[in-house]
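All remarks here apply to the structure that follows.
The values are calculated or read from the model by the stated rules, or taken from the named source; none is laboratory data. This structure is a prediction, so every number in the text was calculated from the model and none was measured. Each accessible area value is taken on the protein alone, full model and side chains, heavy atoms only, with ligands, DNA and RNA left out. Shrake-Rupley method; radii C 1.70, N 1.55, O 1.52, S 1.80 Å.
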Amino acid sequence: GIATALAAYEAARIGNTGNSGSGTPATHQSNTRHCSYMDFMSCKPRTFYDTEGAVGLSRWMETTEAVFHISACPDDCRVKYATCMLMDSALTWWNNHVKSMGIVEAYAMGWESLKQLMTKEYCPRQEIQALEQELWNLVMKGSEVAAYTSRFNDLANLCPGMVTPEDRKIERYI
């Protein structure tokens, strides 16, 4: 009786759209659907303008990945949706890249490849070296633990080689 009640509840919950016509519900199929652009945008992804620097780019990538997860964005749509969030000179950079590569190839690249391209473009080596130096010399001012931790995490995300493996990260933090 419990199994029948659970089956009836599940059929009612998913709307029983899979009726096979024989009076019995069809087998339960995955009720997942692909993320549309509207679904992606309803999660309010951040825009990227190219004025935020390396930390801003890192935060943009992190929040964009969170939106991918929340909206269940499939891998083949991630570059297309994310590049719609580029503004001003970042959009111009992307459009020039698309012209040289071709739109099909540009949108076919994976999210990781786009992140690498953007990091190469918007995180020049001298800026990364300055951030590495800042991480090396980072000290807590007064009792501002939250501010220190926040800055440490920002720098650690941008300079992963300095804090990998985890025990090195702990030593650097202390």
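What to note about this one:
- Using the Karplus relation 6.51 cos²θ - 1.76 cosθ + 1.60 with θ = phi - 60°, the per-residue 3J(HN,Hα) values for the range 166-174 come to 4, 5, 5, 5, 5, 4, 5, 4, 5 Hz, with x marking Gly and Pro.
- Bridging of K44 to lysines at a Cα separation below 20 Å is possible for K80, K115, once same-chain residues fewer than 8 apart are set aside.
- Fully extending the segment from E62 to K169 would add 36.6 nm, taking 0.36 nm per residue of separation and subtracting the current Cα-Cα distance.
- Per residue, the range 133-174 exposes 69 Å² of solvent-accessible protein surface, assessed with a 1.4 angstrom probe and all protein chains in place.
- Residues whose amide H falls under 5 Å from that of F48, counting only those 5 or more places apart or on a different chain, are L86, M87, with hydrogens built in the peptide plane.
- Couplings 3J(HN,Hα) for the range 43-55, derived from phi with the Karplus relation 6.51 cos²θ - 1.76 cosθ + 1.60 (θ = phi - 60°), are 7, 6, x, 6, 8, 10, 10, 6, 10, 8, x, 5, 5 Hz, where x marks Gly and Pro.
- Accessible-area order (highest first, 1.4 angstrom probe) of the listed residues L158, L114: L158, L114
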